[in-house]
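First the structure, which I've put down as structure tokens, then a few questions once you've had a look.
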Amino acid sequence: MKKSILITGCSSGIGYYTAHGLHARGYRVFATARRQESVEMLLAEGLESFRLDLNDSDSIRWAVEETLRRSGGELYALFNNGGYGQPGAVEDLSREALRAQFETNLFGWVELTNLILPAMRRQGYGRIIQNSSVLGFTAMPFRGAYNASKYAIEGWSDTLRLELRGSRIFVSLIEPGPIITQFRANAMKAFERYIDVERSVHREKYLAIHNRLNKPGPAVPFTLPPEAVLKKVIYALEADTPKARYYVTFPTHLFGFLKRILPVSVLDKILAKAGNDHQ
């Protein structure tokens with residue numbers, strides 16, 4: 001029997017390439033997306049697909065029921081991937097903007113995972129893979145909402161991993177740096193929706209952010225294609241004892257190393273410069 005995996009956020013980028021890559025590798029992939037037109041696209045490309053909106057509890061429950069119905073009640077793995085980044089200075093973030101960021105990036109993941117876990121416990125095995133970020137352990141300016149959501153993912157995943165010890169259900173974090181995706185386009189929409197540029201003390205810096213988000217091609221050095229994440233997802237799926245964390249891209253390795261060896265004040269200077277240089 002093929003190993004099955006449920007993946008969120010498959011309309012483009014990491015989710016899209018992971019779904020196709022694992023399908024080609026022989027997995028039974030349930031590739032979900034928020035928009036019906038994305039589902040139709042994935043179906044046309046030969047994947048099993050249906051809607052899953054991380055902001056909608058009814059949608060999450062239906063997707064879990066449909067997954068388990070199709071798979072006979074068993075599921076080898078869950079890849080929590082769907083999400084977006086809300087740009088903006090912390091002092092310009094409304095409660096509404098933060099709530100929206102956490103609804104998608106954290107609360108939806110938690111709800112989905114909690115609904116999947118009983119099936120994994122019954123079968124006595126499973127893999128839960130979380131698509132975090134280098135910004136899940138290093139903060140950069142003007143990314144506070146996204147930083148906070150990914151830090152939360154890391155803390156939740158570490159706790160879940162401890163609570164699942166001995167269950168044969170493994171939790172792994174994938175921590176990419178810059179990857180070629182639709183991330184900037186989606187971030188631009190969130191930026192325009194929630195940030196009042198003209199009334200902010202950060203107006204000039206926001207103009208630079210606007211230019212970065214609209215820049216064609218890779219916005220920063222060392223950007224890799226989504227296939228780099230797929231490689232680490234395969235490790236997390238197929239290792240006898242998967243790692244708790246998988247770094248992807250040079251910046252993740254670099255900042256992971258610098259965080260271990262540098263005083264906070266020195267690291268802050270580097271992160272502030274890196275964040276401001278790549279608005």
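Quick check on my filter: what residues within the range 1-22 are under 16 Å from LEU78 (Cβ atoms) and part of a helix (DSSP H, G or I)?
Across the range 1-22, the qualifying residues are ILE14, GLY15, THR18, ALA19, LEU22.
Just give me the residues in the range 140-175 being closer than 25 Å to TYR206 by Cβ and either modelled with pLDDT under 95 or among the basic types (Lys, Arg) (or both), in sequence order.
MET140, PRO141, PHE142, ARG143, LYS150
Could you check ALA272 against (1) assigned to a helix (DSSP H, G or I); (2) in contact with a Phe, Trp or Tyr (Cβ under 7 Å, 6 or more places away or on another chain); (3) modelled with pLDDT under 95; (4) surrounded by fewer than 17 Cβ atoms within 10 Å (Cβ to Cβ) and say which number it fails?
(2)
Could you figure out which of (1) in a strand (DSSP E or B); (2) within 19 Å of GLY88 (Cα to Cα); (3) of a type outside the set (D, E, K, R) isn't true of PHE170?
(2)
Residue by residue through the range 235-258, note down the ones that are surrounded by 14 or more Cβ atoms within 10 Å (Cβ to Cβ) and more than 30 Å from GLY166 (Cβ to Cβ).
Those that are surrounded by 14 or more Cβ atoms within 10 Å (Cβ to Cβ) and more than 30 Å from GLY166 (Cβ to Cβ): THR249, PHE250, PRO251, HIS253, LEU254, PHE255, LEU258.
Filter the range 182-208 down to the residues that are of a type in the set (Gly, Ala, Ser) and either in contact with a strand residue (DSSP E or B) (Cβ under 6 Å, 6 or more places away or on another chain) or not in a loop (DSSP other than H, G, I, E, B) (or both), then identify the one that is surrounded by the fewest Cβ atoms within 10 Å (Cβ to Cβ).
Among those residues, the one meeting the criterion is ALA185.
Further question: When you look at ILE129, is it in a helix (DSSP H, G or I), among the hydrophobic types (A, V, I, L, M, F, W, C), closer than 29 Å to LYS243 by Cα and in contact (Cβ under 8 Å) with a residue 40 or more places away in the chain, yes or no?
Working: in a helix (DSSP H, G or I): no; among the hydrophobic types (A, V, I, L, M, F, W, C): yes; closer than 29 Å to LYS243 by Cα: yes; in contact (Cβ under 8 Å) with a residue 40 or more places away in the chain: yes.
For ILE129, the condition - in a helix (DSSP H, G or I), among the hydrophobic types (A, V, I, L, M, F, W, C), closer than 29 Å to LYS243 by Cα and in contact (Cβ under 8 Å) with a residue 40 or more places away in the chain - is not met.
Oh, and also: Quick one: GLY124 ticks every box in (1) free of Cβ contacts under 8 Å to residues at least 12 places away in the same chain; (2) on the phi > 0 side of the Ramachandran plot except a single one, so which number is it?
The single condition GLY124 does not satisfy is (1).
Okay, moving on. Can you list residue pairs whose Cβ atoms sit under 7 Å apart, with the first residue in the range 106-121 being more than 9 Å from LEU54 (Cβ to Cβ) and the second being assigned to a helix (DSSP H, G or I) and of a type in the set (S, T, N, Q)? Count only pairs 6 or more apart in sequence or on different chains.
LEU106/SER149
Could you pull out the residue among GLY72, GLY46 that is out of contact with any helix residue (DSSP H, G or I) (no Cβ under 8 Å at 6 or more places or on another chain), assigned to a loop (DSSP other than H, G, I, E, B), surrounded by fewer than 21 Cβ atoms within 10 Å (Cβ to Cβ) and on the phi > 0 side of the Ramachandran plot? Break it down into steps so the answer makes sense when it comes.
Values: GLY46 fails: out of contact with any helix residue (DSSP H, G or I) (no Cβ under 8 Å at 6 or more places or on another chain).
Result: GLY72 is the single residue among GLY72, GLY46 that is out of contact with any helix residue (DSSP H, G or I) (no Cβ under 8 Å at 6 or more places or on another chain), assigned to a loop (DSSP other than H, G, I, E, B), surrounded by fewer than 21 Cβ atoms within 10 Å (Cβ to Cβ) and on the phi > 0 side of the Ramachandran plot.
Within the range 51-69, take every residue that is in contact with a helix residue (DSSP H, G or I) (Cβ under 7 Å, 6 or more places away or on another chain) and of a type in the set (A, V, I, L, M, F, W, C) and give me the one that is farthest from LYS2 (Cα to Cα).
Filtering the range 51-69 down to residues in contact with a helix residue (DSSP H, G or I) (Cβ under 7 Å, 6 or more places away or on another chain) leaves 51-55, 57, 60-61, 64, 68.
Filter once more, keeping what is of a type in the set (A, V, I, L, M, F, W, C): 52, 54, 60, 64, 68.
On the way: LEU52: 22, LEU54: 26, ILE60: 23, VAL64: 18, LEU68: 14 Å.
Among residues in the range 51-69 that are in contact with a helix residue (DSSP H, G or I) (Cβ under 7 Å, 6 or more places away or on another chain) and of a type in the set (A, V, I, L, M, F, W, C), the one farthest from LYS2 (Cα to Cα) is LEU54.
Would you confirm whether any residue within the range 227-234 is surrounded by fewer than 17 Cβ atoms within 10 Å (Cβ to Cβ), in contact with a Leu (Cβ under 8 Å, 6 or more places away or on another chain) and either at pLDDT 90 or above or outside any loop (DSSP other than H, G, I, E, B) (or both)? Don't jump to the end; show me each part of the working.
Start the filter on the range 227-234 by keeping residues that are surrounded by fewer than 17 Cβ atoms within 10 Å (Cβ to Cβ), which leaves 227, 231, 234.
Of the ones still in play, those that are also in contact with a Leu (Cβ under 8 Å, 6 or more places away or on another chain) are 234.
In the following step, the residues that additionally are either at pLDDT 90 or above or outside any loop (DSSP other than H, G, I, E, B) (or both) were identified as 234.
Scanning the range 227-234, I find at least one residue that is surrounded by fewer than 17 Cβ atoms within 10 Å (Cβ to Cβ), in contact with a Leu (Cβ under 8 Å, 6 or more places away or on another chain) and either at pLDDT 90 or above or outside any loop (DSSP other than H, G, I, E, B) (or both), so the answer is yes.
The values are calculated or read from the model by the stated rules, or taken from the named source; none is laboratory data. Keep in mind that what you see is a predicted model, and the values were worked out from it rather than measured. FYI the Cβ positions are ideal-geometry reconstructions off the backbone, even for glycines, and counts take in every protein chain you see.
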